[in-house]
1. If contacts are Cα pairs under 8 angstrom and at least 6 residues apart, what is the relative contact order of the stretch 123-293 in percent?
2. Among all stretches of the chain without exposed GluC sites (Glu not before Pro) (DSSP loop, at most 13 other Cβ atoms within 10 Å), which one is longest?
3. What is the angle, in °, between the Cα long axis of helix 54-67 and the longest principal axis of the Cα atoms in the chain? Nearest 10 is fine, range 0 to 90.
4. Treat every Asp and Glu Cβ in the stretch 123-293 as -1 and every Lys and Arg Cβ as +1, leave all other atoms uncharged, and give the resulting dipole magnitude about the Cα centre to the nearest 20 debye.
5. For the chain, take the longest principal axis of its alpha carbons; what is the angle in degrees between that and the long axis of helix 78-99, to the nearest 10 within 0 to 90?
6. Kindly put 260, 239 in sequence by how many other C-beta atoms sit within 10 Å of each C-beta, fewest to most.
7. Taking R0 as 41 Å, what's the FRET efficiency between residue 308 and residue 272 from their Cβ-Cβ distance, rounded to 0.05?
8. For the chain, how big is Rg over Rh, using alpha carbon atoms and the Kirkwood form of Rh?
Amino acid sequence: MKKKHHIVFKTMANEWLADVKLRVKRSSYEKYVYILNKHIMPFFGSYGMGQLSVKAVDRFMLEKLTDGKLKRNEGISRKYLQDMLSIIKSIAYFVEYTYNIPCRISRIRGVKTGKPKTRTLNKREKERLTKELKTDTSREKLGIMFALYTGMRIGEVCGLKWSDFDADAGAITINRTVQRISDNNGGTVFIVSAPKTEASKRVIPLPDFLLKLLTKMKRTDEAPIISDKGDYTEPSYLRRFFHRIITKCGIAAMRFHDLRHSFASECVHMKCDIKMLSEILGHTSVSMTLDRYIHSDPDEKRKFMQLIKI
C-alpha cells in the first residue's frame, strides 16, 4: 500500500461511495455523490490523505460559509456545511478502518447548526385553512388535510395508494415515500422507495371526518390517492398548490412540512401520550419527539414553583 501522503482523497472517496452504495437508500447515495462532485472534490480531490489537516478543513469551511453557493455569491447554510463535514469524516473513518491509516480529520468537530426554524398554525389560521380545504374534495386539498390532521411527511402523502387505506380498521398504512432527486448528470429522476426509516413504516388511525371522506372517494386499490391521473403527484407540485392555498387564506408564509409540526404541537397541547404521538409521527425514538415538541409552559412552571414551601 502506498504511503498515506500518496493516497489521493478522490480515490478514497470513490471507494467509500462504492461501499455506502450497498448500505443506504438511493436518495442518500445520490445526495452524497452530488455533494462530493460539486463541493468536496473541487477542494480536496487532489489532496493526499496525509495532507488533510484541521487547517485545511477550516479553510474549506470558511470558503463554503462565505461563498459556497453554486449559483449565487453567498454562503451555504451551516446545516448544509454539516452534511459536507459528515461525508468528509466518514471517508476519513473509512480509510482508518479499511487501511489502518490514522487520519486526523476523522475527529474534527462539526459546526453548530441550531434547531431549524419552524412555524405552527395558530387557531385562527387553522380554522381558515380547514374551511378552505372543505370547500371541495380535490386530491391536492386532501393531501394537505393528511399532513395537517395526521402529521404525514409530504413524500409519504404523495406516495399513498388506495391499497394502503383500510376502511374497516379506520386506518391508513405508510408503505412508501416518493421524491425527485438529482441523477448527477444535470437532470432528475422520480423515485418511489421505502419509508425514511423502519419506524416510518407505520399504521395511522384516521380521524372520523377523514375516514368518512376517504370511504366516499375510494377508487381502485392500486391507484395513488393524491392523483386523478393514475400517476403519483410530485411533491413539488403539492408544495406549490399549498402555497397558493395559504396565500388565498391570508396565512403568513410557511413550509408544507410545518403542517406536520402544527399537528404534533396540537397533539402535545391536548396532552397526547408521547409514546403514541412518536409512533404516529414515525419517529425512531420517543426522545426525538420530546426534543422537538415538548417545551415547558411558563404558567405551568410558575404553578410548580409555588408548590415549593419553607
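What follows is calculated from the coordinates using simple rules that are stated; it is not laboratory data. Since this is a predicted model, take the numbers as computed values, not measurements. Cβ: placed from backbone, ideal geometry, glycine included. Neighbour counts: every protein chain shown.
1. Taking the mean separation of contacting Cα pairs over the length of the stretch 123-293, I get 28 percent.
2. Answer from the scan: 75-197.
3. 50 degrees
4. 560 debye
5. Here the helix axis deviates by roughly 50 degrees.
6. 239, 260
7. 0.90
8. 1.04
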